[in-house]
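Can you read through this structure? Questions will come right after.
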Amino acid sequence: KQEVTQIPAALSVPEGENLVLNCSFTDSAIYNLQWFRQDPGKGLTSLLLIQSSQREQTSGRLNASLDKSSGRSTLYIAASQPGDSATYLCAVDTGRRALTFGSGTRLQVQP
Amino acid sequence: KAGVTQTPRYLIKTRGQQVTLSCSPISGHRSVSWYQQTPGQGLQFLFEYFSETQRNKGNFPGRFSGRQFSNSRSEMNVSTLELGDSALYLCASSLQWSGTSGSYEQYFGPGTRLTVT
């Protein structure tokens, strides 16, 4: 059974800092991995999707990497801003479209 | 292009009642999946629909059911509500379903917040 773990559970940084969020999964047989952002009480916003054959994806200040063999992904946020404050979730798709989610990292960026 | 829409956004029901939630996918998307999010269990997969057929099902009791219409809109029904059903119910749409080769991004709606008293 696929299990997804996200570390740290919460993170508080001053504005402008670069930061890394970590995601690990137990079964390397995945189709893709998605990073989402969730604001309090809201739905999920897709940030990046990395196919199983890819090593990384970039979108603006966000860069996500994937190491399938070690079961790890990282989300790098450059020059953090207060508007980046949210919960970040990673989810793996093992081919049955039933995403398995981590419990998330709650990020607070202090102005 | 409009995103995934869910109605209603908030619901309050009493134990034992039943409830129906609705999801309209992004135009052109044919797969709709439902998820339950609770503080204790996080996000858990309920089921996936494609072409009016349930393709995948998560580990939830039979009180949870769904359907999809020919226009890809989907409804989810929970019968005999329990206090533990209080949650944010999210639906996600995707171009293709899980049986299609390739990898397709899922796009989530804002969710329906269900409170059972």
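The values are calculated or read from the model by the stated rules, or taken from the named source; none is laboratory data. Everything numeric in this text was worked out from a predicted model, so none of it was measured. No Cβ is skipped: glycine too gets one built from the backbone with ideal geometry, and neighbour counts run over all protein chains shown. Surface areas here come from the heavy atoms of the whole protein model, side chains and all, with no ligands, DNA or RNA. Shrake-Rupley method; radii C 1.70, N 1.55, O 1.52, S 1.80 Å.
Identify all residues within the stretch A:63-97 that are surrounded by fewer than 22 Cβ atoms within 10 Å (Cβ to Cβ), more than 12 Å from the chain's Cα centre (by Cα) and within 11 Å of another protein chain (Cβ to nearest Cβ); write none if there are none.
Within the stretch A:63-97, A:T94, A:G95, A:R96 qualify.
Looking at (1) more than 10 Å from chain A (Cβ to nearest Cβ); (2) hydroxyl-bearing (S, T, Y); (3) in a strand (DSSP E or B), can you tell me which one B:Y35 breaks?
The one condition B:Y35 does not meet is (1).
Could you run through the stretch A:7-37 and say how many residues are of a type outside the set (A, V, I, L, M, F, W, C), part of a strand (DSSP E or B) and over 11 Å from the mean Cα position of the chain (by Cα)?
If we filter the stretch A:7-37 for residues that are of a type outside the set (A, V, I, L, M, F, W, C), which is where we start, we get A:8, A:12, A:14-18, A:22, A:24, A:26-28, A:31-32, A:34, A:37.
Among the residues that remain, those that are also part of a strand (DSSP E or B) are: A:12, A:14, A:22, A:24, A:32, A:34, A:37.
Still in the list and also over 11 Å from the mean Cα position of the chain (by Cα): A:12, A:14, A:32.
So the answer is 3.
Also: Pairs please, first residue from the stretch A:26-39 and more than 15 Å from B:A92 (Cα to Cα), second anywhere and open to solvent by 10 Å² or more (accessible area, probe 1.4 Å) and basic (K, R), Cβ atoms under 7 Å, 6+ apart in sequence or on different chains.
Listed by first residue and then by second, the contacts come to A:S28/A:K68; A:I30/A:K68.
Would you call B:V116 of a type in the set (A, V, I, L, M, F, W, C), modelled with pLDDT of 95 or more and over 16 Å from the mean Cα position of the chain (by Cα)?
Values: of a type in the set (A, V, I, L, M, F, W, C): yes; modelled with pLDDT of 95 or more: yes; over 16 Å from the mean Cα position of the chain (by Cα): yes.
Judged against the criteria, B:V116 is a match.
So A:E3 fits all but one of (1) in contact (Cβ under 8 Å) with a residue 24 or more places away in the chain; (2) surrounded by fewer than 19 Cβ atoms within 10 Å (Cβ to Cβ); (3) within 25 Å of B:Q41 (Cβ to Cβ); (4) under 13 Å from the mean Cα position of the chain (by Cα); what number is the exception?
(4)
Any residue in the stretch A:75-94 that's modelled with pLDDT of 95 or more: show its pairings with residues that are part of a strand (DSSP E or B) and of a type in the set (D, E, K, R) at Cβ separation under 6 Å, as long as the two are six or more apart or on different chains.
Every condition considered, the pairs that remain are A:A86/A:R37; A:T87/A:R106; A:Y88/A:R37.
Name the single residue that is farthest from B:N59 (Cα to Cα) among those in the stretch A:47-62 being open to solvent by 30 Å² or more (accessible area, probe 1.4 Å) and within 14 Å of chain B (Cβ to nearest Cβ).
So the residue we want is A:S59.
Just a yes or no: is a residue in the stretch B:47-59 outside any strand (DSSP E or B), more than 9 Å from chain A (Cβ to nearest Cβ), more than 29 Å from A:A9 (Cβ to Cβ) and modelled with pLDDT of 95 or more?
First, the residues of the stretch B:47-59 that are outside any strand (DSSP E or B): B:51-52, B:58-59.
Next cut, more than 9 Å from chain A (Cβ to nearest Cβ) only: B:51-52, B:59.
Filter once more, keeping what is more than 29 Å from A:A9 (Cβ to Cβ): B:51-52.
Filter once more, so that each one left must be modelled with pLDDT of 95 or more: none.
Checking the stretch B:47-59: not a single residue is outside any strand (DSSP E or B), more than 9 Å from chain A (Cβ to nearest Cβ), more than 29 Å from A:A9 (Cβ to Cβ) and modelled with pLDDT of 95 or more.
If you scan the stretch A:12-38, which residues turn out to be of a type outside the set (S, T, N, Q), at pLDDT below 95 and under 30 Å from B:Q6 (Cβ atoms)?
Of everything in the stretch A:12-38, those that are of a type outside the set (S, T, N, Q), at pLDDT below 95 and under 30 Å from B:Q6 (Cβ atoms) turn out to be A:I30, A:Y31, A:L33.
Additional query: Specify which of the listed residues (B:Q37, B:Q68, B:Q54) is open to solvent by 20 Å² or more (accessible area, probe 1.4 Å) and over 23 Å from A:S103 (Cβ atoms).
Details: B:Q37 fails: over 23 Å from A:S103 (Cβ atoms); B:Q68 fails: open to solvent by 20 Å² or more (accessible area, probe 1.4 Å).
Criteria check complete, one pass: B:Q54.
A further question follows. Taking the stretch B:71-85 as the search range and keeping residues that are polar (S, T, N, Q) and buried (at least 18 other Cβ atoms within 10 Å of the Cβ), which one is modelled with the lowest pLDDT? If you could, list the steps in order and put the result at the bottom.
First pass over the stretch B:71-85, keeping only residues polar (S, T, N, Q): B:71-72, B:74, B:77, B:79-80.
Narrowing the set further to residues that are buried (at least 18 other Cβ atoms within 10 Å of the Cβ) leaves B:72, B:74.
Working: B:S72: 94, B:S74: 97.
For the stretch B:71-85, the residue satisfying everything is B:S72.
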